[in-house]
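See structure below.
The values are calculated or read from the model by the stated rules, or taken from the named source; none is laboratory data. Just so you know, these numbers come straight off a predicted model, no measurement behind them. Here the Cβ positions follow ideal geometry from the backbone for every residue, glycine too, while neighbour counts run over all protein chains shown.
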Amino acid sequence: MSVEWVPVAPGRTKIGSDNRSILFGGIGPKHMVEISYRYSIAKHPIRIEEVDKIIQSEKADLASESEWKLALDREAITGDQELEKLSDCCKGHYRGKALDGRPHLIDDWTFHIAKQWSSGKPTTRLLAKGSTKLKFARLVKREGESEFEEDPQRIPANRDTASLLKEEIVIALIVGIIPSFVWAYFNASEGYIETGWPGLVFGGIILGLLSMIFWRPKTTSYRLGRDCGKVKPNRDKSL
């Protein structure tokens, strides 16, 4: 099989989502990646049955999501209706990911990170380990003998659980609990609040949790300093 390779120069790109609602959210946290090496990428997805032969003959590798995204930004790749395999795996998030372009690989991974093309536009999909849906892959050839650093910049491995818990408490109060008591004050029978307050609190908490289906505040994103190259949280929750 003849592969059309497209060169990609070093650069920065952004990956992931800062939206953690159930309907509209994506894999997070949103982050910046800097690729310092040159590489070539297959312009079109390659059938899985051809991949091993091309990897051996062309000294190629499966593309990382970072390499794939930088190439997409440069309009170097395209697709039609393919679901393509990348080299990255995850547990449903990017925590601990290196930000130098290498694949995100962890020992106890749960999902393949894949790209689904539809009418020339790609979306990110998570496929369970052992999935047989992956019929295509994307390959890259990295220039020279460059190796990845032993200690790269990474997204923090742990999320700020305390801040998220405080956020959920505030949301439950504003979205669920306070409106429940206001409704009971104007509409319920006399004395209902005094006797039924546990139900109002519980119902308010449920309403607050259900709001996660449609909305949650943006999560903290991560960038790389322009001069120092160090990973930094974006306090304004944007990139």
Being closer than 30 Å to Glu34 by Cβ, out of contact with any Lys or Arg (no Cβ under 6 Å at 6 or more places or on another chain) and part of a helix (DSSP H, G or I) narrows Leu164, Leu173 down to just Leu164
Answer yes if at least one residue in the range 101-116 is among the small types (Gly, Ala, Ser), part of a loop (DSSP other than H, G, I, E, B) and under 16 Å from Ile15 (Cβ atoms), and no otherwise. yes
Residue tally, condition aliphatic (A, V, I, L, M) and more than 28 Å from Lys43 (Cα to Cα), over the range 2-28: 2
Looking only at the range 176-195, filter to residues that are part of a helix (DSSP H, G or I) and small (Gly, Ala, Ser); which one of those is farthest from Ser211 (Cα to Cα)? Ala184
Determine which member of the set Ser57, Ser17, Ser21 is of a type outside the set (A, V, I, L, M, F, W, C), more than 25 Å from Arg216 (Cβ to Cβ) and assigned by TED's automatic domain parsing to the domain that holds Leu126. Ser57
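Listed here are the residues, each with its yes/no results for (1) exposed (fewer than 14 other Cβ atoms within 10 Å of the Cβ); (2) of a type in the set (Val, Ile, Thr); (3) modelled with pLDDT of 90 or more.
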site: Val140; (1), (2), (3): no, yes, yes
site: Gly144; (1), (2), (3): yes, no, no
site: Asp160; (1), (2), (3): yes, no, no
site: Leu173; (1), (2), (3): no, no, yes
Test for Glu84: is it among the acidic types (Asp, Glu) and in contact with a helix residue (DSSP H, G or I) (Cβ under 9 Å, 6 or more places away or on another chain): yes
For the range 113-125, which residues satisfy the criterion of being closer than 16 Å to Lys69 by Cα and out of contact with any Ser or Thr (no Cβ under 6 Å at 6 or more places or on another chain)? Ile113, Ala114, Lys115, Trp117, Gly120, Lys121, Pro122, Thr123, Thr124, Arg125
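Suppose the filter is of a type outside the set (Phe, Trp, Tyr) and buried (at least 16 other Cβ atoms within 10 Å of the Cβ); does Ala128 pass it?
No; evaluated as a whole, the condition is false for this residue.
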Mind listing whichever residues of the range 115-125 are exposed (fewer than 10 other Cβ atoms within 10 Å of the Cβ) and hydroxyl-bearing (Ser, Thr, Tyr)? Ser119
